[in-house]
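Engineer: I have a structure I would like to understand better, so I am pasting it below and will then ask my questions one at a time.
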Amino acid sequence: MRTTLSVIKADVGSIGGHIAPSQQLLHRVKEFVANEGRRLLLDSYISSTGDDIAILMTHTRGEGDPDIHEMAWNAFVAGTAVAKEQGLYGAGQDLLKDAFSGNVRGLGPAVAEMEIEERPNEPFLFFAADKTDPGAFNLPLYLAFTDPMHCPGLILSPKISKGFHFVIMDVGHVEGDRVIELNAPENLYDIATLLRDNQRFVVEGIYSRATGDQAVAVSTTRLHNIAGTYTGKDDPVMLVRTQSNFPATGEVLAPFSVGHFVAGCMRGSHNAPLMPVSLNCPTSYFDGPPLISCAAFCVHKGKLTEPADAFAHPFWNHVRDKVARKTLDIREQGFFGAAMLPMSELEYTGVMEKLHALDQQFYLRKEKMALAK
Ligand code: F6R
Ligand code: MG
Ligand code: MG
């Protein structure tokens, strides 16, 4: 059976700042999808990560279906009304355009979709990150799909030893989708060269070279490219199929033990390590640390099982302690050097405005001395 997995995610308001959506807001989105989705969907699962709400849907209408996108958009519009009634912070924040126009891509919400030929047993992972951007997935995907140190299946299992096909997007190109296709392992150094720059180049999809089947879909939205100004970090979502002809679930999860530094955290303008957290976890310290949750499912004839909370296991407490230590380490140097993002990535204009004003006060000593004579 051909099943489409679609996840559409937005921040339409939260309590206590940018911490978590209210129960009423979540309830309204769930209710809307339950009613309006009935004629379109096979199944759905609605969850929150930090201040974001994600609507995961299964259906048979393919990727980019206007009715599915419109239903999700309208669910967030209905949620925004509740957020406004409750006086939630940032009500409607990610709905950047006034009206829906055929596809939520480019309107603010993040989207990751995959149309798959369901295997008899079809495990997949749904990742949602808050207070960071889609480049946060570059390193874990590189390690899970190309590196036998994290994915021993690449040498142990003939099913995946042919490697994987990467589609990488240049998210700095705002006029349209600019992508490149590269194969691991042959083009490994080219893939690495691009993915190290996780503000510019982002994995969009990964495919099995043995079967051509899609393994990964990542949302590649950069909000400041749409709005032209700060509107919050992009807070990406990702779908990853696992097992058999793909890396095992544990091989996909393993690289998140690194707790690598990503862009985001306070005011979307810092470097901080990514913390794996339980489902529906709120945000906290320094509007962070950037967080990643993972709901593991099986889907059969479009019906979802209940989610297994992949980062709830006690093992991840140790990782969380490490990430907390790394967070405090980099926070010790505040806004200096590597702690804050480079100029081009700052999500607020204050620094640029100050630099512009100060620029007028600089002078050339030689010229000033000559004038004084
Ligand atoms: C990060 C984020 C927060 C806000 C911060 C200030 O993506 O959303 O860190 O940037 O809480 O928010 P404002 O400027 O709305 O007061
Ligand atoms: Mg927010
Ligand atoms: Mg968010």
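Every number here is computed from the coordinates shown, using simple stated rules; none is lab data. Everything quoted here is computed from the prediction, not taken from an experiment. Quick reminder, even Gly has a Cβ in these numbers, built from the backbone with ideal geometry, and neighbours come from all protein chains shown.
Engineer: Excluding the sites themselves, what is the longest stretch of the chain that contains no chymotrypsin sites (Phe, Trp or Tyr not before Pro) in a DSSP loop with at most 13 other C-beta atoms within 10 Å?
Structural biologist: By the stated rule (loop sites, at most 13 other Cβ atoms within 10 Å), 1-334.
Engineer: Please list, in chain and number order, the residues 5+ apart from Asp43 or on another chain whose amide H is under 5 Å from its amide H, with Hs placed from the backbone.
Structural biologist: Correct list: Thr58.
Engineer: For the stretch 1-137, how big is the tail of P(r) above 20 Å, as a whole percent of Cα pairs?
Structural biologist: 43 percent
Engineer: Moving on. Let me know the shape class of the stretch 85-242, please: from the alpha-carbon gyration tensor, a ≥ b ≥ c as square roots of the eigenvalues, rounded when a/c is under 1.5, otherwise prolate if a/b is greater than b/c, or oblate.
Structural biologist: It is prolate, given that a/c is not under 1.5 and a/b is the larger ratio.
Engineer: Please report the relative contact order for the stretch 2-372, taking Cα pairs under 8 Å with a sequence separation of at least 6, and give it as a percent rounded to a whole number.
Structural biologist: This gives 19 percent for the stretch 2-372.
Engineer: Here's something else I'd like to know. Just check the stretch 162-296 against the gyration tensor rule for me: Cα atoms, a ≥ b ≥ c as the square roots of the eigenvalues, rounded for a/c under 1.5, and otherwise prolate or oblate depending on whether a/b exceeds b/c.
Structural biologist: oblate
Engineer: Still on this structure, please answer the following. From zero up to wherever the largest Cα-Cα distance of the chain sits, split into 20 Å bins and tell me the percent of pairs in each.
Structural biologist: Pairs per bin, as whole percents: 29, 57, 11, 3, 0.
Engineer: With an 8 Å cut-off on Cα pairs and a minimum separation of 6 or more residues, tell me the relative contact order of the stretch 241-369 in percent.
Structural biologist: Numbers: 151 pairs, mean separation 28.9, N = 129.
Dividing the mean separation by the residue count of the stretch 241-369 yields 22 percent.
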